[in-house]
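Okay, structure first, notes after.
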Amino acid sequence: MISDDFYGDPQQCIFYRAMQLTNFKILLILNSCDCAHDSMPFRRTWCVFEMAACLEQASATLDIATSGSDGVYVITSFFTPTEAALEKRKVGAGMKAKVRRERDFPVRVAAKSLSNNIELSSTTVEVDKVRILNTLCSKPKNELELPPLAQHASYGRIDKQLNRMFAQIVFRLAANDNSGDFSRLISEALRKDVDCTNLELKLGGHRCVGEDDR
């Protein structure tokens, strides 16, 4: 059990401490988008817990990467060093490069980031999920291994916050959504997080990138 060396407290486990050392700068690496388990991290309790830890951190950034037969796809919270240099030389050039880099990220995979459900997630060892759910409910450390509540407001709140956070990260891909289904998922994820009081969507760059830039 991962957290045993830290007295059963998920916030003292080695993964959480590593995130603290990086000021919660996270790269979420998904399985290949060519396989059936491409969205596995969104269904694993430890992964959801680690992503949820970013919600309360002002310094947190969350980038998403996957791969496929055509290459590697990455969506980043900010510019890469190359893009930042382009933006410094010419305003808008870095954003144009960022949009071009991210637009081929598979919409099908991105859509799976918008339906997080901590209650339905799983762990290899059941007690790890018990401890994590109790931690999310702010249970004291001596109660972390008690049976978790079947329902708690914290579960739904975290699910909605995660879905909104990912919507802010992947919303640009809606430009590639011919069916409108992905756009509706984005809209729903943004709308349902009613506790969000500060929503920022950066729309720059799309008008700069056309078919001739492919």
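The values are calculated or read from the model by the stated rules, or taken from the named source; none is laboratory data. This is a predicted model, so every value here is computed, not measured. Here the Cβ positions follow ideal geometry from the backbone for every residue, glycine too, while neighbour counts run over all protein chains shown. Areas reflect the complete protein model, heavy atoms only, side chains present, ligands, DNA and RNA absent. Shrake-Rupley method; radii C 1.70, N 1.55, O 1.52, S 1.80 Å.
So which residues in segment 31-62 are in contact (Cβ under 8 Å) with a residue 60 or more places away in the chain, within 14 Å of I169 (Cα to Cα) and in a strand (DSSP E or B)?
Within segment 31-62, just L62 meets the criteria.
State which residue pairs qualify: first residue in a helix (DSSP H, G or I) and inside segment 142-157, second residue aliphatic (A, V, I, L, M) in any location, beta carbons under 8 Å apart, and separation of 6 or more residues or different chains.
As it stands, the answer is S154/L136; Y155/I118; Y155/L133; Y155/L136, since those pairs meet every condition given.
Within segment 91-124, can you find the residues that are open to solvent by 50 Å² or more (accessible area, probe 1.4 Å) and among the β-branched types (V, I, T)?
Within segment 91-124, V91, T124 qualify.
State whether the residues of segment 85-99 include one that is in contact with a strand residue (DSSP E or B) (Cβ under 8 Å, 6 or more places away or on another chain) and in contact (Cβ under 8 Å) with a residue 60 or more places away in the chain.
Among the residues of segment 85-99, not one is in contact with a strand residue (DSSP E or B) (Cβ under 8 Å, 6 or more places away or on another chain) and in contact (Cβ under 8 Å) with a residue 60 or more places away in the chain, which makes the answer no.
Look at S77 and say whether it is open to solvent by 40 Å² or more (accessible area, probe 1.4 Å), under 21 Å from I26 (Cα atoms) and part of a loop (DSSP other than H, G, I, E, B).
yes
May I ask you to list the residues in segment 41-72 that are loosely packed, with under 14 Cβ neighbours inside 10 Å and charged (D, E, K, R)?
Passing the criteria: E56, D70.
Which condition does N198 not pass, out of (1) surrounded by fewer than 18 Cβ atoms within 10 Å (Cβ to Cβ); (2) at pLDDT 90 or above; (3) in a loop (DSSP other than H, G, I, E, B), if it passes all the others?
Here N198 clears every test but (2).
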